[in-house]
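Just so it is clear, none of the values below were taken in a lab; they were calculated from the coordinates. Treat the numbers as computed from the prediction; the structure is a model and nothing was measured. FYI the Cβ positions are ideal-geometry reconstructions off the backbone, even for glycines, and counts take in every protein chain you see.
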Amino acid sequence: MDAKPLLLQLIDFKAWANRDLFPLAMTLSAETQSQERHNATRLLNHIYVVDRIFQGNLQGQPHGYTGLNTPETPALDALFAEQQALDQWLATYVQGLSSAELGEAVDFRFVDGKPGRMTRAEMLLHVLTHGSYHRGAVGRILFQAGVQPPPDALTVFIHTSA
């Protein structure tokens, strides 16, 4: 089975979900919902940092991160722009890979310094499932703050994209 079309669909789903989620998180008031906005931003930044770490791993380049989040909390609008660019990079990167390259194992170092080895497909699947998990947590923050979270389901994406 060729995993490339499925990976591309899941990357499109990830970008779609981010385009719905970030603007809703930006509706959280910096004055009256500052803790909720901060927590949502920290989670979204964590997703972005892990995406960037694996971007470096996929390319065999140093990513420059020493942890799974940054000490500073970025502005949510700037983070959204960075995440959109990274989502587009993922799609372009996968489009340029052959099936053999997707199955190729790549050696890297985890941020704790321990060695890692995963295929490119495994790394991409990790990025996709990791982001989905944490988007769900952001959705819960939104719900508890009185904001209806967007649907973050592959079935909804497929149905609305058809």
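Quick notes
- Lys/Arg +1, Asp/Glu -1 at C-beta; region 4-157 dipole; positive extreme among Tyr93, Met118, Leu142: Met118
- Lys, Arg +1 and Asp, Glu -1 on Cβ, resulting dipole of region 21-159 about Cα centre, debye, nearest 20: 240
- Kirkwood hydrodynamic radius computed over region 77-162 comes to 15.6 Å, based on all pairs of distinct alpha carbons.
- For region 46-117, the orientation-averaged shadow of the C-alpha convex hull comes to 5.1 nm² (one quarter of the hull surface).
- Bins of 5 Å from zero: percent of alpha-carbon pairs in region 90-129: 6, 22, 28, 26, 12, 6, 1
- Projection of the Cα convex hull of region 1-92, averaged over all directions and equal to a quarter of that hull's surface, yields 6.7 nm².
- Principal axes of the chain: Cα extent on each, largest first, Å: 50, 41, 21
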